[in-house]
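Below you'll find the structure, written out as C-alpha cells, and then a few comments.
The values are calculated or read from the model by the stated rules, or taken from the named source; none is laboratory data. No experiment lies behind these values; they were computed from the predicted model shown. Cβ placement follows ideal geometry from the backbone for every residue including glycine, while neighbour counts extend to all protein chains displayed. Heavy atoms of the whole protein, side chains included, go into the accessibility calculation; ligands, DNA and RNA do not. Shrake-Rupley method; radii C 1.70, N 1.55, O 1.52, S 1.80 Å.
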Number of protein chains: 2
Amino acid sequence: MTRPHDAAILELKNLLGPKGWSMERDVLETHNREARGKFEGHADIILFPASTDEVAKAVAICAAHAIAIVPQGGNTGRCGGAVAGQDQVLLNLKRMNRITEIDARDFTATVEAGAILKTIQDAAEEHDLLFPLSLGAEGSCQIGGNLATNAGGLNVIRYGNARDLVLGLEVVLPDGSIWNGLSKLRKDNSGYDLRDLFIGAEGTLGIITKATLKLFPHPKHIATAWVAVPSPEAALDLLALARRTTGDAIAAFELMCGFAHDMSVTHLPNLTRPLASQTDWHVLIELTSSRPTDDLQSLLTDLLGDAMEGELARDATLAQSDAQRKNLWAIREGIPEAQGFEGGSIKHDVSVPVSKVPDLLTRGMAAARDLIPGIRPCPFGHVGDGNIHFNFTQPLDMDKADYLAHWENLNRVIHDIVAGLGGSISAEHGIGQLKRDELAHYASAEKLKLLRAVKAAIDPDNRLNPGKVV
Amino acid sequence: MTRPHDAAILELKNLLGPKGWSMERDVLETHNREARGKFEGHADIILFPASTDEVAKAVAICAAHAIAIVPQGGNTGRCGGAVAGQDQVLLNLKRMNRITEIDARDFTATVEAGAILKTIQDAAEEHDLLFPLSLGAEGSCQIGGNLATNAGGLNVIRYGNARDLVLGLEVVLPDGSIWNGLSKLRKDNSGYDLRDLFIGAEGTLGIITKATLKLFPHPKHIATAWVAVPSPEAALDLLALARRTTGDAIAAFELMCGFAHDMSVTHLPNLTRPLASQTDWHVLIELTSSRPTDDLQSLLTDLLGDAMEGELARDATLAQSDAQRKNLWAIREGIPEAQGFEGGSIKHDVSVPVSKVPDLLTRGMAAARDLIPGIRPCPFGHVGDGNIHFNFTQPLDMDKADYLAHWENLNRVIHDIVAGLGGSISAEHGIGQLKRDELAHYASAEKLKLLRAVKAAIDPDNRLNPGKVV
C-alpha cells in the first residue's frame, strides 16, 4: 500500500487549517480502532472539516489526487464500515455538530452530521418533543453515522428505523459537488428517491453532511411490564393482541430467553428479578402516549389480564415506579455485558418476518447444538421488528479461543436458516466489511447487479469508502 | 413514428395467448385515453400479462426487438405517466389482481400489482385490519400504479405516503430479469435501498409486479369535526396543538378556503352547511383510535375548547352520527366537482414545509390576482402534510378558453413561489410527462445529474417508460 502523497496532504492541510486535520499517533489510534476490535485501520491522516464547504473541497482534492476517502462518525459501528487503509484518508464529521434548528410547528430538527444522537434527543426534549431514535451508543454515536447505517434500536416498532425519521439530507458527492436535499417536505414526488439511496449506503455513495429529522410529541405517560410467556409463539400472539388493543401505543416489545435474563440478574449489580417464577421466555413491553390525560397502566393491566386468560402469559408485573421501570430495562440492556461473564460469545444481527421468529429460534438453536454440543444459545432482541440478536455463549467446558474459532461456521449455519426464512443477515448494524462477502453470498444475481450498477453510477471511480457494502 | 414490427407482435401474442393482448379499437381507446384528457396515447397494442413470468418474458421480447414499454395500472394518474406512443407497447397489469395473502400475525398483505386499492382495503378489513392508503380513485386505481407514483391521499399525516406502507417489492427489470425483493422484513440493512428506488419511479426503472404491504389495527373509534379558523396560521397552530394533545391520533387534517366550502355546499346536492357563520378558512379534523375502549369525542371536544380559548378557532361542530360525518367529508371531497360549476380552473399539486403554508397562500393568491385580475383562488388540501391543491377558478366574466390559456403562465408564477419556499412542484401526483420539464427547470444540476445517472444505470437503453420523469 502507498500513502497519500505529500502534495495532496499539503493541499488538505491548507484547506482545513490546524484544527482541521491530525497526523498525531494517539488521535489516529483512537480513530483507527473500532470498538469490538475486529477491524483496525491504518490511516496516516484524519481530517476534521468544520463545514459542508470544507468537506466538499476536501473530497474534491482527494478526487483530483485519486485518493479514497473513508467517512467516519462516532465510530461506534462494529462492521468495519469506518475503517481506513494506509492509502486512504479518514474524514471525521465531529466538528460539524451543530443543531441548526428545532421547528416546533414543523416538528423538525435540522442538524449537522456530527451531532451526537443524545444531544439531538435532549434538544428536542427542551421543546417538549421527541426524537425517537434510541440505541446503546446514543451518548457518543453521531447522527450522520446513524443515517449512513440506517440504525435501528429500541423504538423501531413505534417510530420506524432511522430511514423513517428523515425528511431531508445534504450530501457531498464523490466529485466534491453538494446535493442539497435538505428538505422539510412531508410529500415530494419530484423524481427518484435519492434520500433513501444515501441512507444506509454507509458512506459509499456520498458523505451525509446535514439532515432534517422528524420530531414527535413527547410521551407524557409510560407503562412498562415484564411478562413470563410460555413460548416465542405466545410472545408473537401477545404482540398482535397488544397492537390491536392499545391503538399501536407499543413503544418497545423485547423478547429474551431465560438464560439471558438469568445472566443479567446474576452477574450485574443491583438488579432485582422481576418475577419469582422461572421461565424459558421473557417479554418486556412498554406503552407510551403523548396524550396529556391517559391511563396506560389500566390499558396494560387489561392487556395482561387478557393475555393470562388466553394463555399467552404465565405471570406478569407492571413497573409501579420509575425505579422499577429502570430495573426492567437494565436487565434487558445488560444482557450483552452479562454475557461476558460466561466466556466467549458468537453473535448474529439477523431479522426474519415477525411470524417466523419461532421457526428461527427452534431451528437455529437445534443447528447450533448439533454443530457445537454444549453451546448455550442466548437469543434476545426486538421481536416486534423480527430482529433477533441471536447470540450464542460458549459451552462451559470449552476454551474461549477454541470456541471463537467456530465463528464463521456458526454464522454460515445461522445465516442459511435466516435466508431460508426470507430473512436478512444484517438487520440493524449494517454491512461494512464484516458482512460484505456474506451479502454477496446470499443476494440474488439480480440484486447484486443492481447494487453494483448504483455504486458505479454514483461513484464511478470508487473513491468513497471503497471495499464496504458492495 | 414507426410501429412495433410484426415479428415482435407475433412473439408477444404467442407468449400471452388470446386473453393476454388486444389490438381492438375500443380497448385501445379506453387505455390510451387519460382521465383529465390532457394526454392521449397512440399504442396499437396493449398487453395483459397474467403472471410475473409473462411480464418478464414480454419485457425480454420487447428488449430483444428494441421496443419501449409503457406500464399501466388503473390509468387514473393525470400526468401523462401511463401514456404510450405508436412505436411503444402498452402493458397493463389488471389481470394480475390477486391478493395472495393477508397475514394477521405479521400485519402484512401480499398482493399482485393489478389489485384494485379498494379490494385490498376490503380484504384487510375482513381481518379487522387497515390498509390506510386512501384516495379519490381507490375504486379503480391499482396498487402497482399507487406505488409507482408514491401516491399520497387522505391519511398521510397518520400513516405516511404509499412509500411508507411497503415492506417488499417484486420488480421486472428492463432486461426482463426479475428482482425478488418481496420481503416481509421490518428491518433489513443488506445493501442499498432498492425498494424505495422503484417506488415513485413511475415505471421508468422497472415494472412492479407484486408488493408486500403493511397493515394496521383497524380503527374502532372515529371523531370528526368541522372548524372555522381565523387564518391558515391558526390552522397550523391548531394542528400542532392537536398533535400534542391527541397522541398523534390525527388521521386527517384538511384546510379549505371559504370559496371552496361555499361552492361545495351550493352546487352539490344534499349537503348541509356545518356551521351557520361565514368564515374565510375551514378545517376538517378527524381522529381515529384502534383501542377497543376510547373516548375520542371527549378528546376532540377538549381540543376544540382549548382552540377556542386560544383563538385558534372561531366556531366548531362535532359530527354526532355517521351521516353527519359523511356530510363533512362530502363537502371536502366534492370541491373538485363543485369547481366545475364555476368555469375553468387551473390546478397545482404542490407542497411546502408545513410552517410555510400561510406564506404560500398569501403570496400565491396575491401573485395570481396580479397576473389575472378577478381570478378566484380555491386552495384546499392536506395541510397537515404541507400539501395544498392550489387551484384557481376563472374570473366570473372571462371566457373559459381564454382563462385556461394562462395555465402555464400561472404554473410558472406559483411554482416559482413554491420553489422559493423550499417546496415541491409535485407533491402526490407524480411527474409523468406533465411536469418533466418543470422538474428539470427547478431541480439543481446535482440532483438532475443523480437522477439521470440512476436511470442510465438501471435502464441503460431507455426501454421502460421513456420520456417520463427524467
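In terms of the Cα gyration tensor, with a ≥ b ≥ c the square roots of its eigenvalues, is region A:134-216 rounded because a/c is under 1.5, prolate because a/b exceeds b/c, or oblate? Here region A:134-216 falls in the oblate category. Only helices enter the 222 nm calculation for chain B: every DSSP H run of n ≥ 4 contributes -39,500 (n - 2.57), and dividing by all residues gives -10500 deg cm²/dmol, rounded to 500. The relative contact order of region B:221-336, computed from alpha carbon pairs under 8 Å that lie at least 6 residues apart in sequence, is 45 percent. Amide H contacts for A:L90 (H built 1.01 Å from N in the peptide plane; partners 5 or more residues away or on another chain; cut-off under 5 Å): A:I45, A:L47, A:V70. Note on region B:6-92: with neighbouring protein chains present and a 1.4 Å probe, carbon and sulfur make up 49 percent of its accessible heavy-atom surface.
Averaging the Cα positions of each part gives two centres, and for region B:299-316 and region B:420-463 these lie 42 Å apart.
In terms of overall dimensions, chain B has a Cα radius of gyration and Dmax of 23.0, 74 angstrom.
Would you please give the residues with an amide H less than 5 Å from that of A:G168, counting only those at least 5 places away or on a separate chain, with H modeled from the backbone geometry? Distant-sequence amide H within range of A:G168: A:S183, A:T212. Taken residue by residue and averaged, Cβ atoms of other chains lying within 10 Å of the Cβ of A:238-246 number 4.
Can you work out the FRET efficiency for the pair A:D437 and B:M308, with r the C-beta to C-beta distance and R0 = 60 Å, to the nearest 0.05? FRET efficiency, A:D437 to B:M308: 0.40.
Calculated accessible area for region B:345-470 comes out at 37 Å² per residue, all protein chains present (probe 1.4 Å; ligands, DNA, RNA ignored). Counting only GluC sites (Glu not before Pro) that sit in a DSSP loop (anything but H, G, I, E, B) with at most 14 other Cβ atoms within 10 Å, what is the longest stretch of chain A containing none of them? Between exposed loop sites, the widest span is A:25-310. With contacts taken as Cα pairs under 8 Å and at least 6 residues apart, region B:99-217 reaches a relative contact order of 33 percent. Near A:Q394, once Lys and Arg are set to +1 and Asp and Glu to -1 for all other residues with Cβ below 11 Å from its Cβ, the sum equals -2.
Pull out a ≥ b ≥ c, the square roots of the eigenvalues of the alpha-carbon gyration tensor of region A:6-92, then state rounded if a/c is under 1.5, prolate if not and a/b is larger than b/c, and oblate in the remaining case. It comes out prolate by the Cα gyration axes. Cross-link check: pairs A:K210/A:K326; B:K187/B:K210; A:K447/B:K184; A:K214/A:K455; B:K19/B:K118 evaluated at a Cα-Cα cut-off of 22 Å; pairs beyond the cut-off: A:K210/A:K326; A:K214/A:K455; B:K19/B:K118. Assuming charge only on the beta carbon of Lys and Arg (+1) and of Asp and Glu (-1), the dipole of chain B about its Cα centre is about 720 debye to the nearest 20.
Calculated on the alpha-carbon coordinates, the convex hull of the protein assembly as shown measures out at 173 cubic angstrom per residue. Distance from the C-alpha centroid of region B:2-51 to that of region A:368-385: 54 Å, rounded to the whole angstrom. In nanometers and ordered shortest first, the copy-to-copy spacing of the A:E342 label point, defined 7 Å from Cα toward Cβ, is 7.0.
About its Cα centre, the dipole of region A:99-217 is roughly 260 debye, where the only charges are +1 on Lys and Arg Cβ and -1 on Asp and Glu Cβ. Over all pairs of different C-alpha atoms, region A:263-339 has a mean inverse distance whose reciprocal, the Kirkwood radius, equals 14.0 Å. Averaged over the residues of peptide B:54-60, the number of Cβ atoms from other protein chains lying within 10 Å of each residue's Cβ is 0. The 3J(HN,Hα) values that the Karplus relation (6.51, -1.76, 1.60; θ = phi - 60°) gives for region A:211-224 are, in residue order, 8, 9, 10, 7, 10, 9, x, 6, x, 9, 9, 9, 10, 10 Hz. Gly and Pro appear as x. Ellipsoid fit via the Cα gyration tensor, region B:366-426: semi-axes of 22, 13, 10 Å, each the root of five times an eigenvalue, largest first. Across chain A, Cα pairs under 8 Å and at least six residues apart give a relative contact order of 15 percent. The angle between the Cα long axis of helix B:258-267 and the longest principal axis of the Cα atoms of chain B comes to about 80 degrees, rounded to the nearest 10. Relative to the longest principal axis of the Cα atoms of chain B, helix B:296-309 runs at roughly 60 degrees.
Note that region A:314-331 has calculated 3J(HN,Hα) couplings of 9, 7, 7, 9, 9, 5, 9, 8, 4, 5, 5, 4, 4, 4, 4, 5, 5, 5 Hz, one per residue in order, obtained from phi through the Karplus relation 6.51 cos²θ - 1.76 cosθ + 1.60 (θ = phi - 60°); glycine and proline are x. For chain B, the longest principal axis of the alpha carbon atoms and the long axis of helix B:6-16 meet at an angle near 70°.
Rounded to whole Å, give me the distance from the Cα center of region B:217-285 to that of region A:113-134. Taking the Cα centre of each part, region B:217-285 and region A:113-134 sit 32 Å apart.
Approximating the spin labels as points 7 Å out from Cα along Cα→Cβ, the B:L404-to-A:A323 distance works out to 7.5 nm.
Copy-to-copy label distances for A:G258, where each label lies 7 Å from Cα along Cα-to-Cβ, are 7.2 nm in order of increasing length. Here is the size of region B:330-470 from its Cα atoms: Rg then Dmax, 16.7, 52 Å. Overall, region B:221-336 carries a charge dipole of about 320 debye about its Cα centre when +1 sits on the Cβ of Lys and Arg and -1 on the Cβ of Asp and Glu, all other atoms neutral.
Peptide A:345-356 is shielded by partner chain Cβ atoms: per residue, an average of 4 of them sit within 10 Å of its Cβ.
Applied to region A:398-415, the Karplus parametrisation 6.51 cos²θ - 1.76 cosθ + 1.60 on θ = phi - 60° returns per-residue 3J(HN,Hα) values of 9, 5, 4, 5, 4, 5, 5, 5, 7, 3, 6, 4, 5, 3, 4, 4, 5, 5 Hz, with x for Gly and Pro.
Along the axis of the charge dipole computed for chain A (Cβ charges of +1 for Lys and Arg, -1 for Asp and Glu, origin at the Cα centre), the listed residues A:T108, A:I222, A:L464 are led at the positive end by A:L464.
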